[in-house]
Amino acid sequence: MESQLGLIEQSFNSCYSLWVRDALDDLPDNFTITDPSICGHPIVFASKGFLKMTGYSKSEVIGKNGRVFQGPGTSRRSVMEIREAIREEKATQINLLNYRKDGTPFWMLFHMCPVFDKEDGRVVHFIAVQVPLSRKLRRSETECGRNVSCRREVCSDSLLELGRVLSLGSALDSDVRAEGFEIEEPCEASDVEKRRAAYAIHDILSVLTHYSESTGRLVCGKRCSLSGVGSLSSSLNISLGRIKQSFVLTDPHLPDMPIVYASDAFLRLTGYARHEVLGRNCRFLNGADTDSSTLYQIQESIRLEQACTVHILNYRKDKSSFWNYLHISPIRNASGKIAYLVGVQVEEGCNKQDGVGLSPEMRQLSTVGAVKIAVRSSTMAATAGPSKS
């Protein structure tokens, strides 16, 4: 958990000046900011208004995925619309039923939009504004208190259990009504509520843009750089984030074959922050004692579009060296063309990495397999285009 909190700190510190949190806290709106490049697409900022609205503390929200606010009455269709918007890296605005910490459900207007890196067009964050809708819930004549205690039990379960409950879909709607609440479908959000959400998005983007200027990494609300063609989609970032092993993806079609994705485990292994890695060639890991014949072997395998495994001496950010059991393999898209190269790192003599019980070779091959599935699924989804409801 400590390592994830460190990544969350980097998520903000690498993009904005240190004063951005104070400026965001001064805004009266209910909103969260998430980072799709971190494993689990966690919340990296939650406004005071959002915490007050939901009843959670900041420590209970930061690092969590937004699904923890969903419950048995949350529409699966609405959740899928949000996921689709994330995959397509576009804004969306829907009515959504969420739950407070005490278990009470409430309707809100959910307005989400991406935040882009102005230079490379990559999505760095998503803003999600929540505007409570003026709609009341009817209590049935059954024991209303029983529903709240039941909801608390669901809240205390693991995320996996909550996911299993949600998968039951609309069949649970009747159970919710039977346990004390009859959840009415809300009216469409009023023009006032829609304008309130749009103004909030504008204000938040203005703050983020202003406080990104001092870091030299400008952000904006629209993709405004053609160089973003080489960046990964948010959905692929999220899929790759589920892979725990240390690895990087490079794009062989761009000049100098830059890194376009670096896993959290790679950042921990090397000591670099994500923004210090993306866009660079992997040679920055080499040093004075790195064997040139090993580097030539790697170059030849890339030229021949073949996989290779080598032992290579690499260097961390703090200049300390480590022996890297490195496996490199081409990754093909759904059409069979090479889309990326993956480099999987296993530090020799280190037993603390994920994959306990597996040999280094099996850990590397399983990582390559997982990356292939993520890339091919992403390209197939992109080819299929937006889903139609």
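The values are calculated or read from the model by the stated rules, or taken from the named source; none is laboratory data. All values derive from a computational prediction rather than experimental measurement. FYI the Cβ positions are ideal-geometry reconstructions off the backbone, even for glycines, and counts take in every protein chain you see. Protein only, heavy atoms only, side chains kept; ligands, DNA and RNA dropped before computing areas. Shrake-Rupley method; radii C 1.70, N 1.55, O 1.52, S 1.80 Å.
Measure up K222/K319; K64/K194; K52/K244 against 32 Å on the Cα-Cα distance and list the ones that go over.
K222/K319; K52/K244
H210: accessible area at probe 1.4 Å, nearest 10 Å²?
100
Counting only protein heavy atoms, what percent of the accessible surface of segment 1-51 is carbon or sulfur at a 1.4 Å probe?
57
How many nm is it between the label spots at E119 and K58, if each spot is 7 Å from the Cα in line with the beta carbon?
According to this spin-label approximation, the distance is 2.9 nm.
Could you tell me the calculated FRET efficiency between D191 and L254, based on Cβ-Cβ distance and R0 = 35 angstrom, to the nearest 0.05?
Values: r = 45 Å, r/R0 = 1.29.
Calculated value: 0.20.
Quick one: in segment 271-328, what % of C-alpha pairs are over 17 Å apart? The partial results should precede the final answer.
On the way: 689 of 1653 pairs.
Percent of Cα pairs beyond 17 Å in segment 271-328: 42.
If Rh is defined by the Kirkwood formula over all Cα pairs and Rg also comes from Cα, what ratio Rg/Rh do you get for segment 1-130?
My calculation of the ratio gives 0.94.
Would you calculate the separation in nanometres between label points at H210 and S366, each defined as 7 Å from the Cα along the Cα-to-beta-carbon direction?
4.9
Return the FRET efficiency for the residue pair E300, S14: r is the Cβ-Cβ distance, R0 is 41 Å, and the value is rounded to the nearest 0.05.
Plugging the Cβ-Cβ distance into 1/(1 + (r/R0)^6) gives 0.70.
Once the dipole of segment 258-337 is set up with Lys and Arg at +1 and Asp and Glu at -1 on Cβ about the Cα centre, which of A288, S301, Y261 lies farthest towards its positive end?
Going by the charge dipole, the pick is Y261.
So between A288 and D25, what do we pick up on full extension, going 0.36 nm a residue minus the alpha carbon distance? Intermediate results must be reported in sequence, preceding the final value.
Numbers: separation 263, 0.36 × 263 = 94.68 nm, distance 4.71 nm.
Gain on stretching A288 to D25: 90.0 nm.
How large a share of the accessible area of segment 223-312, in percent, is made up of carbon and sulfur atoms when the probe is 1.4 Å and the other protein chains stay in place?
Carbon with sulfur: 52 percent of the solvent-accessible area.
Describe numerically, in nm with one decimal, the distance between label points set 7 Å from Cα along Cα→Cβ at Y199 and at K317.
The answer from the label model is 4.1 nm.
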